[in-house]
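Below is one structure, written out as structure tokens, with a few remarks after it.
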Amino acid sequence: MTKFSELNLNPKVLKAVEEAGYDTPTPIQAGAIPPALEGRDVLGIAQTGTGKTASFTLPMITLLARGRARARMPRSLVLCPTRELAAQVAENFDTYAKHVKLTKALLIGGVSFKEQDALIDKGVDVLIATPGRLLDHFERGKLLLTGVQVMVVDEADRMLDMGFIPDIERIFSLTPFTRQTLFFSATMASEIERITNTFLSNPARVEVARQATASETIEQGVVMFKASRRDREGTEKRKLLRMMIEGEGDKCSNAIIFCNRKTDVDIVAKSLKKYGYDAAPIHGDLDQSHRTKTLDGFREGDLRFLVASDVAARGLDVPAVSHVFNFDVPSHAEDYVHRIGRTGRAGREGKAMMICTPKDEKNFDAIEKLIQKEIPRLDNPLAQAPAETPAPASDEDKAAKPRRTRGGRGRTKHADAAPTETVETTQPAQPEATPEKAADKPTQSDKSRGGNRNRRNDRGGSRDNNVVGMGDHMPSFIAKSFDERRAG
Ligand code: AMP
């Protein structure tokens, strides 16, 4: 097996690699580093978790170790789809270039232009950027790309998903024709193929095995779940998630919980928090400092559950995640592979569990087809859970369905037995999420309290004789006609 020491890397880079604890390159590194060091274009087909970041940072540092940057003219450029990934690439440069004098700048949204401008003005060897932010700087005349000798496109398929391909093409056209290009993508969609045919010149193609097939250390499972009622799906899914987490006990030291939509990321994180779980959300709508803080907390073990969207979690390198929970079946089968790849890294054991509802079955089939493996069906712990106190119309149900105004007074009257949950009122209103958000509160039924029974009355139960649906006031004509009929 090849060793790093045989790869012709700069001795100072090699030293940093050794200090990081690596002596054997991963397959993508063994395949990509030699042609990259020869100055060839590289097309790397590899997913995150394969060591692909080092497969371009190590040769880049070696190539850039000689020479100096000029003001506003970076010598190399790394394009990443997300801020987190860009920050992670920057960390890799810090690790591996620690014995080499190289300057770098990170151009990502959420960081002030001024600071970034100052760095670029001084001249940087490595510029790591998200495409939009890079073009913003370019448009402002603060940056010249004509000095770029090496350009990296990382996670091109994600760039495609995010609509960045026109930006990438534009950036390519702003860099010199003679540049070296290192291009990475987990998959080769036809649009990606087109870009590589246009902008790469006779690349060395290095393809590594899919992570899902490579990583046998990930134990997978799925709970096929059907809600008792459609309007309770969110509530019941969140409960199921909690039971799945509980079922894992101490084995679940930390986990990433994936949702398909940002609103659900927020809802699930809030819901978990309310039930006493140490959870926080991460998605693209949260400001950068918040995202960084959350991620750092998770990496350092201060946060146990990271609730994430695909985009935010893309490429995150979190060394030891014991579990991945797919709260939703991802709509792109590829994302499943990425998601579960967050656990079982570098030979560690990991577990990936998913919830599949009937409407997800098509996407679920696509996943099994892609990974060419049947995902073991797990028992639904919710189905085996002891029946709840007879309170079918819980707070959650009520929240999931907009209330009818007619019953307002009756409910107020009964609220004494169901203490108001303050958590609900603190949540910001968000139209699409409001009903679900409200559903996040630990419900009366969850807490085995009896207060909800009052709600049965709202729905025609008969625990007391209050007028239902009209408050205490009954229009007189109703009483009249009733009396008349009885009289007749
Ligand atoms: P990446 O695919 O770049 O996100 O890397 C995934 C993880 O693999 C990171 O935690 C790296 O630090 C780690 N890694 C990188 N190179 C190696 C290597 N040669 N041997 C073992 N782990 C590595």
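Key figures for this structure:
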item: Accessible surface of F113 - all protein chains present, 1.4 Å probe, nearest 10 Å²; result: 60 Å²
item: Listed residues E233, E193, E38 arranged by accessible area, highest first, probe 1.4 Å; result: E38, E193, E233
item: Area accessible to solvent at R179, 1.4 Å probe radius, in Å²; result: 30 Å²
item: By accessible area with a 1.4 Å probe, ligands and nucleic acids excluded, highest first: order of E246, E91; result: E246, E91
item: Rounded to the nearest 20 debye, dipole of region 113-182 from Cβ charges on Lys, Arg, Asp, Glu; result: 260 debye
item: Average accessible area per residue (Å²) across region 17-173 - probe 1.4 Å, nucleic acids and ligands excluded; result: 37 Å²
item: Projected label distance in nm at T95 and K293, using a 7 Å step from Cα toward the beta-carbon; result: 2.6 nm
item: Flagged links, alpha-carbon separation over 19 Å, of K273/K359; K12/K104; K226/K351; K237/K274; K15/K98; result: K273/K359; K226/K351
item: For H290, solvent-accessible area (1.4 Å; no DNA, RNA or ligand), Å²; result: 80 Å²
item: Euclidean distance of C-alpha centroids, region 1-20 and region 223-279, integer Å; result: 43 Å
item: F177 versus M224: modelled label distance in nm, points set 7 Å from Cα along the beta carbon direction; result: 5.9 nm
item: Simple label model, 7 Å out from Cα along Cβ direction - S190 to R261, nm; result: 3.0 nm
item: Percentage relative contact order, region 4-207, counting C-alpha pairs under 8 Å, at least six apart; result: 29 percent
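The values are calculated or read from the model by the stated rules, or taken from the named source; none is laboratory data. Predicted model only: the values in this text are computed from it and were never measured. FYI the Cβ positions are ideal-geometry reconstructions off the backbone, even for glycines, and counts take in every protein chain you see. These accessible areas exclude ligands, DNA and RNA; they are computed on the full protein's heavy atoms, side chains included. Shrake-Rupley method; radii C 1.70, N 1.55, O 1.52, S 1.80 Å.
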